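Accompanying notes for the structure given below.
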Amino acid sequence: AESLVKRFDLKPEQRIKGVSHGQRVKSALLLALARRPRLLVLDEPTTGLDPVARHEVLGALMEVLADERRTVLFSSQNTLDVEQISDQITFIDRGRIIDSGDKESFLDRWRRLRLEVPAGIVLPTLPGVIGPANGVGSGRLTVVTTSGFNPTLPDVYRNAGATVHAVDTMTLEEIFVANVKSRREGLAA
(Lines give C-alpha, C1' and ligand atoms only; values in the text may rest on other atoms or scores of the structure.)
Protein backbone atom coordinates (compact mmCIF):
# COMPACT_ATOMS: atom_id res chain seq x y z
CA ALA A 1 0.00 0.00 0.00
CA GLU A 2 2.80 2.43 0.83
CA SER A 3 4.47 1.77 -2.49
CA LEU A 4 1.21 2.38 -4.38
CA VAL A 5 0.53 5.58 -2.42
CA LYS A 6 3.85 6.95 -3.67
CA ARG A 7 3.47 5.60 -7.18
CA PHE A 8 -0.04 7.01 -7.58
CA ASP A 9 0.95 10.29 -5.92
CA LEU A 10 -1.81 9.96 -3.33
CA LYS A 11 -1.92 11.79 -0.02
CA PRO A 12 -3.20 9.49 2.76
CA GLU A 13 -4.46 12.40 4.86
CA GLN A 14 -6.63 13.80 2.04
CA ARG A 15 -10.34 13.01 2.08
CA ILE A 16 -11.73 11.13 -0.93
CA LYS A 17 -14.45 13.74 -1.33
CA GLY A 18 -11.86 16.38 -2.23
CA VAL A 19 -9.87 14.50 -4.88
CA SER A 20 -10.25 14.27 -8.66
CA HIS A 21 -11.91 11.36 -10.48
CA GLY A 22 -8.49 9.97 -11.39
CA GLN A 23 -7.31 10.13 -7.77
CA ARG A 24 -10.50 8.32 -6.67
CA VAL A 25 -9.90 5.56 -9.23
CA LYS A 26 -6.29 5.21 -8.12
CA SER A 27 -7.38 5.15 -4.45
CA ALA A 28 -9.90 2.38 -5.14
CA LEU A 29 -7.29 0.41 -7.09
CA LEU A 30 -4.81 0.87 -4.24
CA LEU A 31 -7.34 -0.57 -1.77
CA ALA A 32 -7.92 -3.57 -4.03
CA LEU A 33 -4.27 -4.19 -4.95
CA ALA A 34 -2.83 -3.73 -1.45
CA ARG A 35 -4.51 -6.96 -0.39
CA ARG A 36 -2.79 -8.83 -3.27
CA PRO A 37 -5.93 -10.61 -4.50
CA ARG A 38 -5.47 -13.66 -6.69
CA LEU A 39 -8.40 -12.51 -8.85
CA LEU A 40 -9.11 -8.86 -9.53
CA VAL A 41 -12.37 -8.06 -11.37
CA LEU A 42 -12.63 -4.53 -12.79
CA ASP A 43 -15.28 -2.81 -14.88
CA GLU A 44 -13.98 0.01 -17.11
CA PRO A 45 -10.99 0.75 -14.85
CA THR A 46 -9.60 3.59 -16.99
CA THR A 47 -12.80 5.37 -18.04
CA GLY A 48 -12.56 9.11 -17.53
CA LEU A 49 -8.87 9.12 -16.67
CA ASP A 50 -6.41 11.55 -18.19
CA PRO A 51 -3.59 9.93 -20.22
CA VAL A 52 -1.06 10.04 -17.35
CA ALA A 53 -3.45 8.53 -14.79
CA ARG A 54 -4.52 5.91 -17.36
CA HIS A 55 -0.89 4.98 -17.92
CA GLU A 56 -0.29 4.68 -14.15
CA VAL A 57 -3.32 2.44 -13.67
CA LEU A 58 -2.38 0.21 -16.62
CA GLY A 59 1.18 -0.02 -15.30
CA ALA A 60 -0.08 -1.19 -11.91
CA LEU A 61 -2.31 -3.79 -13.60
CA MET A 62 0.60 -5.04 -15.71
CA GLU A 63 2.63 -5.53 -12.54
CA VAL A 64 -0.19 -7.63 -11.11
CA LEU A 65 -0.15 -9.73 -14.28
CA ALA A 66 3.60 -10.27 -13.98
CA ASP A 67 2.79 -12.46 -10.96
CA GLU A 68 1.53 -15.57 -12.74
CA ARG A 69 -0.48 -16.63 -9.69
CA ARG A 70 -2.76 -13.60 -10.10
CA THR A 71 -5.42 -12.80 -12.70
CA VAL A 72 -7.08 -9.58 -13.77
CA LEU A 73 -10.47 -9.82 -15.43
CA PHE A 74 -11.69 -6.51 -16.75
CA SER A 75 -14.27 -5.19 -19.12
CA SER A 76 -13.52 -2.17 -21.22
CA GLN A 77 -14.72 -0.41 -24.32
CA ASN A 78 -11.24 1.04 -24.65
CA THR A 79 -9.71 -1.53 -26.98
CA LEU A 80 -6.29 0.12 -26.75
CA ASP A 81 -6.18 -0.75 -23.03
CA VAL A 82 -7.32 -4.29 -23.79
CA GLU A 83 -4.70 -4.65 -26.53
CA GLN A 84 -1.94 -3.39 -24.22
CA ILE A 85 -2.42 -5.70 -21.26
CA SER A 86 -4.66 -8.65 -22.16
CA ASP A 87 -3.60 -12.07 -23.23
CA GLN A 88 -7.12 -13.53 -23.55
CA ILE A 89 -9.99 -11.57 -25.12
CA THR A 90 -13.72 -12.12 -25.37
CA PHE A 91 -15.84 -9.94 -27.64
CA ILE A 92 -19.40 -9.35 -26.42
CA ASP A 93 -22.12 -7.70 -28.49
CA ARG A 94 -25.64 -7.12 -27.24
CA GLY A 95 -24.98 -9.36 -24.25
CA ARG A 96 -23.73 -12.33 -26.27
CA ILE A 97 -20.23 -13.69 -26.70
CA ILE A 98 -19.37 -13.44 -30.40
CA ASP A 99 -15.71 -14.47 -30.33
CA SER A 100 -13.10 -15.44 -27.79
CA GLY A 101 -9.44 -16.37 -27.93
CA ASP A 102 -5.93 -15.29 -27.18
CA LYS A 103 -4.97 -11.78 -28.29
CA GLU A 104 -2.14 -12.92 -30.56
CA SER A 105 -4.40 -15.20 -32.61
CA PHE A 106 -6.85 -12.33 -33.18
CA LEU A 107 -4.03 -10.05 -34.32
CA ASP A 108 -2.44 -12.78 -36.49
CA ARG A 109 -5.54 -14.00 -38.32
CA TRP A 110 -7.32 -10.72 -39.12
CA ARG A 111 -6.12 -8.68 -42.12
CA ARG A 112 -7.44 -6.02 -44.46
CA LEU A 113 -6.56 -6.35 -48.14
CA ARG A 114 -6.85 -3.44 -50.56
CA LEU A 115 -7.63 -4.71 -54.04
CA GLU A 116 -8.24 -3.21 -57.43
CA VAL A 117 -10.69 -5.40 -59.28
CA PRO A 118 -11.11 -4.77 -63.02
CA ALA A 119 -14.68 -4.46 -64.28
CA GLY A 120 -16.25 -7.82 -64.98
CA ILE A 121 -13.77 -9.88 -62.94
CA VAL A 122 -15.52 -12.30 -60.60
CA LEU A 123 -13.71 -12.88 -57.34
CA PRO A 124 -13.96 -16.22 -55.59
CA THR A 125 -16.10 -16.58 -52.48
CA LEU A 126 -13.69 -17.45 -49.71
CA PRO A 127 -14.33 -18.56 -46.12
CA GLY A 128 -13.70 -15.90 -43.50
CA VAL A 129 -13.79 -13.03 -46.01
CA ILE A 130 -15.90 -10.04 -45.05
CA GLY A 131 -16.60 -7.26 -47.47
CA PRO A 132 -17.78 -6.53 -50.96
CA ALA A 133 -15.04 -8.48 -52.72
CA ASN A 134 -17.12 -11.62 -53.10
CA GLY A 135 -18.68 -10.78 -56.44
CA VAL A 136 -18.05 -8.96 -59.70
CA GLY A 137 -15.44 -6.22 -59.88
CA SER A 138 -16.30 -2.64 -60.79
CA GLY A 139 -12.82 -1.40 -61.71
CA ARG A 140 -12.42 0.36 -58.39
CA LEU A 141 -10.51 -0.19 -55.20
CA THR A 142 -12.16 -2.71 -52.93
CA VAL A 143 -11.39 -3.48 -49.31
CA VAL A 144 -11.58 -7.07 -48.12
CA THR A 145 -11.37 -8.06 -44.48
CA THR A 146 -10.57 -11.61 -43.49
CA SER A 147 -10.79 -13.39 -40.16
CA GLY A 148 -8.69 -16.27 -41.43
CA PHE A 149 -5.65 -14.77 -43.12
CA ASN A 150 -3.38 -17.13 -44.94
CA PRO A 151 -0.22 -15.91 -46.71
CA THR A 152 -1.54 -17.45 -49.96
CA LEU A 153 -4.70 -15.29 -49.91
CA PRO A 154 -3.19 -12.40 -51.92
CA ASP A 155 -2.16 -14.90 -54.60
CA VAL A 156 -5.73 -16.24 -54.79
CA TYR A 157 -6.97 -12.73 -55.56
CA ARG A 158 -4.12 -12.06 -58.04
CA ASN A 159 -4.90 -15.32 -59.83
CA ALA A 160 -8.55 -14.22 -60.08
CA GLY A 161 -7.44 -11.02 -61.87
CA ALA A 162 -7.29 -8.49 -59.01
CA THR A 163 -4.33 -6.29 -58.15
CA VAL A 164 -3.38 -6.45 -54.47
CA HIS A 165 -2.27 -2.99 -53.36
CA ALA A 166 -1.79 -3.71 -49.65
CA VAL A 167 -2.21 -6.28 -46.92
CA ASP A 168 -2.64 -4.48 -43.59
CA THR A 169 -2.68 -5.72 -40.04
CA MET A 170 -5.61 -4.52 -37.96
CA THR A 171 -5.94 -3.06 -34.50
CA LEU A 172 -8.05 -4.83 -31.93
CA GLU A 173 -10.71 -2.13 -32.29
CA GLU A 174 -10.87 -2.65 -36.06
CA ILE A 175 -11.14 -6.40 -35.49
CA PHE A 176 -13.93 -5.94 -32.95
CA VAL A 177 -15.91 -3.65 -35.27
CA ALA A 178 -15.49 -5.97 -38.27
CA ASN A 179 -16.43 -8.98 -36.16
CA VAL A 180 -19.57 -7.32 -34.76
CA LYS A 181 -20.69 -5.93 -38.13
CA SER A 182 -20.16 -9.30 -39.78
CA ARG A 183 -22.17 -11.10 -37.10
CA ARG A 184 -24.99 -8.56 -37.23
CA GLU A 185 -25.18 -8.72 -41.03
CA GLY A 186 -25.17 -12.51 -40.85
CA LEU A 187 -28.09 -12.44 -38.44
CA ALA A 188 -30.01 -10.02 -40.66
CA ALA A 189 -29.60 -12.20 -43.75
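The values are calculated or read from the model by the stated rules, or taken from the named source; none is laboratory data. Please read all numbers here as calculations on a predicted model, not as lab measurements. Please note: Cβ atoms are built from the backbone with ideal geometry, for glycine as well, and neighbour counts cover all protein chains shown. Side chains are part of the model used for accessible areas, which takes the heavy atoms of the whole protein and leaves out ligands, DNA and RNA. Shrake-Rupley method; radii C 1.70, N 1.55, O 1.52, S 1.80 Å.
Worth a mention:
- For the chain, modelled as a GNM whose springs connect Cα atoms under 10 angstrom apart, the maximal fluctuation among Gly95, Gly128, Gly59 occurs at Gly95.
- Within the accessible area of the chain (1.4 Å probe), percent carbon and sulfur: 52
- Mean residue ellipticity, 222 nm, helices only, the chain: the sum of -39500 (n - 2.57) across DSSP H runs of n ≥ 4, divided by residue count and rounded to 500, is -11500 deg cm²/dmol.
- Over the chain, relative contact order from alpha-carbon pairs under 8 Å, at least 6 apart, %: 16
- The charge dipole of the chain, taken about its Cα centre with unit charges on the Cβ atoms of Lys, Arg (+1), Asp and Glu (-1) only, comes to about 480 debye.
- For the chain, a Gaussian network of Cα nodes joined below 10 Å ranks Arg111, Arg36, Arg54 by mean-square fluctuation, and the top entry is Arg36.
- Rh by Kirkwood over Cα pairs, then Stokes-Einstein D for the chain at 1.002 mPa s and 20 °C, µm²/s: 110
- In a simple Cβ point-charge model (Lys, Arg +1; Asp, Glu -1; nothing else charged), segment 36-131 has a dipole of about 280 debye relative to its Cα centre.
- Accessible area per residue in Å² at 1.4 Å probe, computed on the chain: 62
- Maximal additional length on extending the Glu185-Ala160 stretch stands at 6.4 nm, based on 0.36 nm per residue less the C-alpha distance.
- Separation of alpha-carbon centers, segment 150-178 and segment 1-32, rounded to whole Å: 46
- For the chain, a Gaussian network of Cα nodes joined below 10 Å ranks Leu29, Leu115, Leu39 by mean-square fluctuation, and the top entry is Leu39.
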